[in-house]
1. Could you list, in sequence order, the residues of region 93-111 that are surrounded by 10 or more Cβ atoms within 10 Å (Cβ to Cβ), farther than 11 Å from Pro62 by Cβ and hydrophobic (A, V, I, L, M, F, W, C)?
2. Pairs, please: C-beta under 6 Å, at least 6 apart or cross-chain, first residue not assigned by TED's automatic domain parsing to the domain that holds Lys36 and at pLDDT 90 or above and in region 9-24, second acidic (Asp, Glu) and assigned to a helix (DSSP H, G or I)?
3. Taking Asn46 and the conditions (1) assigned to a loop (DSSP other than H, G, I, E, B); (2) at pLDDT 85 or above, which numbered condition does it fall short on, given that it satisfies the others?
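The values are calculated or read from the model by the stated rules, or taken from the named source; none is laboratory data. What you are looking at is a predicted structure, and each value in this text was computed from that prediction instead of being measured. Cβ placement follows ideal geometry from the backbone for every residue including glycine, while neighbour counts extend to all protein chains displayed.
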Amino acid sequence: MPKKQDELLKQHLGSRCRKALIEAGKTIGTLTSAQKKTPSQRKSENLKKRLSRGVVELTDLPEDCFGCSKYPCGKKLVQCEERSIIHRCMKCGVKVRHRIREDVAWELCPVCWSKSQRTT
C-alpha cells in the first residue's frame, strides 16, 4: 500500500535534516558522493559525460547561409560576422547551424528544403 502524503513529507524532511546535520559535522553517518554534489555540479558532470561519449557533437555540423546577401563568401558561419544558431531540421531532425533572419523562420535543412522545392 502506498504511503500517505504526510508520511512522504515527514520522510523527506527527515532525510533533509539528517543531511544538514552530517554536513554540519555531526557524526551520525556519511553522505554518498551523489548527495555531496550540488545540482549545478551534477548537470555539468552529466554534460561532460555526454560530450565524451560523442552524444553531443558540435564540431562537424552542416551549415545553411539561409538567404545571406554575401553568399558564397567562402567563410564558415562560425567565422562569419552574421549571427547564427543551431537548430534541428523539422523534417529529418539533423542539427544544422544556420544564419538568423528576423523576417523568416528557419525550419528545414538545405537537403530537405531542396527536396520540398522539387516536389512543388
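1. Of everything in region 93-111, those that are surrounded by 10 or more Cβ atoms within 10 Å (Cβ to Cβ), farther than 11 Å from Pro62 by Cβ and hydrophobic (A, V, I, L, M, F, W, C) turn out to be Ile100, Trp106, Leu108.
2. none
3. (1)
Okay, residues lined up against (1) modelled with pLDDT of 80 or more; (2) part of a helix (DSSP H, G or I); (3) within 30 Å of Gln117 (Cβ to Cβ); (4) of a type in the set (S, T, N, Q):
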| residue | (1), (2), (3), (4) |
| --- | --- |
| Glu7 | yes, yes, no, no |
| Gly29 | yes, no, no, no |
| Leu61 | no, no, yes, no |
| Gly67 | no, no, yes, no |
| Glu82 | no, no, yes, no |
| Glu102 | no, no, yes, no |
